[in-house]
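The values are calculated or read from the model by the stated rules, or taken from the named source; none is laboratory data. Treat the numbers as computed from the prediction; the structure is a model and nothing was measured. FYI the Cβ positions are ideal-geometry reconstructions off the backbone, even for glycines, and counts take in every protein chain you see. Keep in mind that these areas ignore ligands, DNA and RNA; they rest on the heavy atoms of the full protein, side chains included. Shrake-Rupley method; radii C 1.70, N 1.55, O 1.52, S 1.80 Å.
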Amino acid sequence: FERPDFPLKFSGASPLTGAVPYAQCYGGHQFGTWAGQLGDGRAITLGEILNSKSERWELQLKGAGKTPYSRFADGLAVLRSSILVCRVAESFLRFGSFQIHASKGEEDLGIVSTLADYAIRHHFPHIENISKSETLSFSTGDNGQSVVDLTSNKYAAWVVEIAERTASLVARWQGVGFTHGVLNTDNMSILGLTIDYGPFGFLDAFDPSYTPNTTDLPGRRYCFANQPDICSWNITQFASTLMAAHLISDKEASYAVERYGIKFMDEYQAIITQKLGLQKYNKQLVNKLLNNLAVDKVDYTNFFRSLSNIKADPGIPEGELLVPLKAVLLDIGKERKEAWASWVQSYIQ
């Protein structure tokens, strides 16, 4: 930050050596409906740099002015929301970066393939090097009759990894009560990063239907509880794009979606088990807890903080079971206190 050229580089006033700034066209599904080209073309990539650890970082200005994709607006960000933002990520490639080209028909399908090759080469280099000696054949479906071999098609291995990275990300969101707010496909990172969250929010009072996005209030499509299913739907759309470009088969696409579901459940169960301090996942205990949290609108983060004060001592008198939770179990009546005491007893056991 102390370098004299820092403000020049990060404002786009002085180009990065060897980089060519560009604006990227992308599209996507908004609220479940194909919307074509999205956004007002406000993002300008200054370039990609390799740091001293050989990590690749993309520098992107948001709200710097017009680009070829500005549609009807001037592309500038207003002062009340931002003053010239330079955002940084390993990549801002998103599902919609591929969807927009697949949507244009045969003449643009080559761009999908070129972009996929670029992404794999720079961000998933291990996939380029998958050898036939690795066992990456998997049975699919209930009867296990179908087989997907990820060593024979790098694009299939790629979409499966994207699905699993996305599943891990959403599991972590659910674990800390984070709600993205706008899970359109154009806001989904191919690297499994949290990007393009505008009206995001964290749960205070536990409410599965919570959404921080006022535009989403009528249907609550992107509410907290829906995030895992919505991201599965988004993975399906991305896989369909690669199918349209003849990069993967329908079996490989289905397998990617299947892997998303398995990975999400494995990661989410591990996270919630760790939050509860248990040795293994207990479905009945977790379901009852989430129900209790929702009924009494308990603060999600503070509840788990208070839970750490409970001693695993079956000898605690019934009247004292809820003492460690008194700061978060507010204004609840006798019946609800009994429900919570019953849960705490199960938890202690």
Would you be able to say whether some residue in the stretch 207-225 is crowded, with 21+ Cβ neighbours inside 10 Å and part of a helix (DSSP H, G or I)? yes
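For the stretch 320-349, which positions are touching a Phe, Trp or Tyr at 6+ places or on another chain (Cβ under 9 Å) and of a type outside the set (A, V, I, L, M, F, W, C)?
Within the stretch 320-349, no residue meets the criteria.
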Given (1) more than 30 Å from Ala156 (Cβ to Cβ); (2) open to solvent by less than 10 Å² (accessible area, probe 1.4 Å), identify the lone condition not met by Arg94. (1)
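For every residue, the table says whether it meets (1) closer than 21 Å to Ala239 by Cβ; (2) modelled with pLDDT of 95 or more; (3) small (Gly, Ala, Ser).
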residue: Ile130; (1), (2), (3): yes, no, no
residue: Ile162; (1), (2), (3): yes, yes, no
residue: Leu169; (1), (2), (3): yes, yes, no
residue: Arg172; (1), (2), (3): no, yes, no
residue: Val176; (1), (2), (3): no, yes, no
What do you reckon, is Ser81 farther than 17 Å from Gly28 by Cβ, over 20 Å from the mean Cα position of the chain (by Cα) and part of a helix (DSSP H, G or I)? no
Residue under evaluation Ile310, criteria (1) in contact with a Ser or Thr (Cβ under 9 Å, 6 or more places away or on another chain); (2) not in a helix (DSSP H, G or I), criterion not met: (1)
Look at Ile262 and say whether it is open to solvent by 60 Å² or more (accessible area, probe 1.4 Å) and among the β-branched types (Val, Ile, Thr). yes
Given (1) over 16 Å from the mean Cα position of the chain (by Cα); (2) open to solvent by 50 Å² or more (accessible area, probe 1.4 Å); (3) among the polar types (S, T, N, Q), identify the lone condition not met by Ser249. (2)
Which pairs have Cβ atoms under 6 Å, sit 6 or more apart or on different chains, and link a residue in the stretch 14-27 that is under 13 Å from Ile100 (Cβ atoms) and touching a residue at least 12 places away in the same chain (Cβ under 8 Å) to one that is part of a loop (DSSP other than H, G, I, E, B) and aliphatic (A, V, I, L, M)? Gly27/Leu38
Just wondering, is there one or more residues in the stretch 40-54 that are in contact (Cβ under 8 Å) with a residue 40 or more places away in the chain, over 26 Å from the mean Cα position of the chain (by Cα), over 30 Å from Ile248 (Cα atoms) and crowded, with 16+ Cβ neighbours inside 10 Å? no
